[in-house]
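The values are calculated or read from the model by the stated rules, or taken from the named source; none is laboratory data. Note that the structure is a prediction, hence the values are computed from the model and not measured. Cβ coordinates were reconstructed from backbone atoms using ideal geometry, including for glycine residues, and neighbour counts include every protein chain displayed. Protein only, heavy atoms only, side chains kept; ligands, DNA and RNA dropped before computing areas. Shrake-Rupley method; radii C 1.70, N 1.55, O 1.52, S 1.80 Å.
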Amino acid sequence: MNQILNGGVWSISWLIASLAIVVGAESANLWLHRLDSLTDQPADEIPPVRRNTRGASPLPETARNSREISVPRQLPRPVKHFTDRTTELSVLDRLHREGADLVTVSGLGGVGKTAFAVHWAHLNSAFFPDGQLYVNLHGYGPTTCITAEDVLGNFLRALNVATDRIPNGLDAMAAVFRSEVSTRRTLIILDNVESVPQVRPLLPSNAQCMVLVTGRSGLKSLSAQDGAEAIVLRPLAESDALDLLRSVSAVESQRTSTSMTSLVRHCGFLPLTIRIAAEYIRGHDADFTDDLIGRLGDQRRRLTFFTDHREGGMAENVFSWSYESLPPEAARMFRLSGLHAGIDFSLLAAAAASGTSLFEARRVLSLLTEASLLEKSGEDRYEFHDLVKAYARERLDVDETADDRHSAAHRLIGFYLRTADNADRIIAPRRRHVEADPSPWALTFENPHDALGWCAAERLNLIAVIDQAVLLGFDEYAWKLPIALIYFFILHSHPTNRYNVALIAVAAARRVVDRYAMAWAETCVGGAALTLGRPSQALERFQTALGLCEEIDDVPGSANNLGNIAAALVHLERYDEALEHAMCSLQLCGDLDDARGAAIQLRSIASIHRRLGDVEEAYRHYEAAISTADGVDLQAKGDALQELGELSDEQENHAAAVAWFRRSLEIRRDIDDRTGIAATLLSLASPLVAVGEIGSALAGLRESLAIYEAVGHSRADEVRALIETLSRR
């Protein structure tokens, strides 16, 4: 292994022998099974042992381990009782061996495309030591599709790219993604794709990566323009379908083959419907199966859910009798679960939609998973196959009254709004908050970490719920929910999501003719536009919001938007105008006894004076900001101390800079602002060196580097280079 790690060249036989010793017989068998593919490759193309490619690092061991842990392993669990797709697996093996880097897997809904791709991926994970990325794009069915930007954002975070390095805009994100995987051997599964535009931004340029794309259409333009190889999955052969039915149902092999054969035929030989049928007959005798076949043969019992045989075959038969066999409370939960607009849903959301307790919801959901009508996607989380969800939506429309559907949707979206507002009150306790009705299912949070964690886990669902609120005409929810999520989008760096939902909030506020809501939503749009690098658009939105605030005599809103206008003018380098607006905002904050707002504006005024070269005024306003923020907002105080230290260092007043930075560092440690600690330690190094404390500077830089490496921050390289320079000195 030392020979490999240090660049020595071994023969393929020695490599296999060494691996057999190190990782044991089972892993060795995998390598021996793949010998035919490995011997066709140069030695340097053998899947490498994972190691640090950056060379020597001053990182402590814990920080180095955190980088190893960040290698993405996103494959879903392989399906149980996978039916032996021997021919198709062999074809995919051959394509991989021959160097194919893009393969499409197409077939009918329910034919097992996801199961096939995931099964092959687990068998071949050793060939992709730099990780496996997976996303279900939900290209079919009633669930909102995931955008390529959302996928890229999730992939980049999984690859340990710091949020400040993730750009805005699809093209820029795709470029960073291609750069990140350019030297990696990574498997990427893009599941349930409806169209090629969903896929192209997600394709790496590195041929050592492999992409599997699944979809119901052939995705032919990927073959024509991108050189994709194609595999088409057909419904199971009769013998394989029977094997799957017997494996899942655990029936004795002697049961009459006639009835079992008839059953798989009624299932259209599709794995999805066969599994549902198998769960239905599990534990019953042969007479039960024969009776079921008779009922399935009665054409008068068939529903008309599927109109296109190619998209479902006889699946509606299986769904209908499986649904009709459910206890009433489970059937109700099944159809009400069709209300969920997102990708999956939580136990709490299911309880809210059905209006039941968590205990009862968990019990009933377990009945649906046992019937294979739902799948567990995580701890207390559930998801539908898109065909089953579409059927649940049909039953919702047929079996629930309009009033009952309205009440269930109100409970569900109300749960999301109340929980999002609870999170917002923990994340940003001193900002304005929306008013949300109580919900017995809503979560409360003890700390910002838990609040942000819930928002992150539910982000795509929350965006889908906002769209759903618009479609249902719930305009109050449609403007309140985006505003409740704004600070989450800010802190987790989702500027595009922030901008899009803020626009929805503006439109909803206009529909209900609520000028207070309109002003607030316009402010949110302006903030998102400024983050996206559109200061002119931000300025226009802030000015609109200010006008509305003045019309309704919303003085706090006016103060806030005057400060926002100042920030936009700074970006436009219109410093004199920015200073004027910031001073007006400061005056209003004083009238309102808003110490936090005043501290923020004092720091803004100091920053403007700093840009104008008026050092004395900058010092004076920074000191005033620090004094005003004391006991009111430690984050604002720490930021002002940090900027004051930077100004002192620029003026070569190094001793004063050291003092300011150390005061900022003390506050950041008190509030556990990890990236703030790293930034202050980095800024502190320069004045420490200037006053002769190189050892202290190095110690601080090493701590800064450990933090930046642990979170995957882009400034880690800058800190490492500075450490190397100071170490030589």
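Points to keep in mind about this one:
- Spacing of the modelled spin labels on residue 553 and residue 430, each 7 Å from Cα toward Cβ, amounts to 2.8 nm.
- Per-residue SASA remark: residue 551, around 110 Å² accessible (1.4 Å probe; ligands, DNA and RNA not included).
- Cα gyration tensor category, rounded, prolate or oblate, for the range 435-477 with a/c compared to 1.5: oblate
- Ranked from largest to smallest solvent-accessible area, with a 1.4 Å probe on the protein heavy atoms, 406, 433 come out as 406, 433.
- Placing 474, 359, 319 in order of accessible area, with the largest value first and a 1.4 Å probe, yields 359, 474, 319.
- If the chain linking residue 195 and residue 650 were pulled fully straight, counting 0.36 nm for each residue of separation and taking away their Cα-Cα distance, it would gain 158.4 nm.
- In this simple spin-label approximation, residue 612 and residue 80 carry label points 7 Å from Cα along the Cα→Cβ vector, and these lie 7.2 nm apart.
- Computed with every protein chain present, the accessible area of residue 654 is close to 50 Å² [probe 1.4 Å].
- Under 5 Å, built H, 5+ apart or other chain: amide partners of residue 169: none
- Surface share of carbon and sulfur [accessible, 1.4 angstrom probe, percent] for the range 427-545: 53 percent
- Length added when fully stretched, residue 450-residue 362, from 0.36 nm per residue minus Cα-Cα: 29.4 nm
- Global form of the range 93-219, assessed from the alpha-carbon gyration tensor, a/c cut-off 1.5: oblate
- Less than 5 angstrom separates the built amide H of residue 134 from those of 74, 189, all sequence-distant by 5 or more or on a different chain.
- Karplus-derived HN-Hα couplings along the range 689-702 (A = 6.51, B = -1.76, C = 1.60, θ = phi - 60°), whole Hz, x at Gly and Pro: 4, 4, 9, x, 9, 5, x, 5, 4, 5, 4, x, 5, 5
- Two-site FRET efficiency, residue 238 against residue 182, from Cβ-Cβ distance with R₀ of 60 Å, rounded to 0.05: 0.80
- Distance from the alpha carbon centroid of the range 553-614 to that of the range 177-251 works out to 53 angstrom.
- Computed E for residue 632/residue 572 - FRET, C-beta separation, R0 41 angstrom, nearest 0.05: 0.85
- Estimated inter-spin distance, residue 402 and residue 670, nm [label 7 Å along Cα→Cβ]: 5.9 nm
- Label zone at residue 492, where the point sits 7 Å out along the Cα-to-Cβ direction: the range 467-484 residues whose backbone N lies under 15 Å: 482-484
- Prolate/oblate/rounded label for the range 419-540 (Cα gyration tensor, a/c 1.5): oblate
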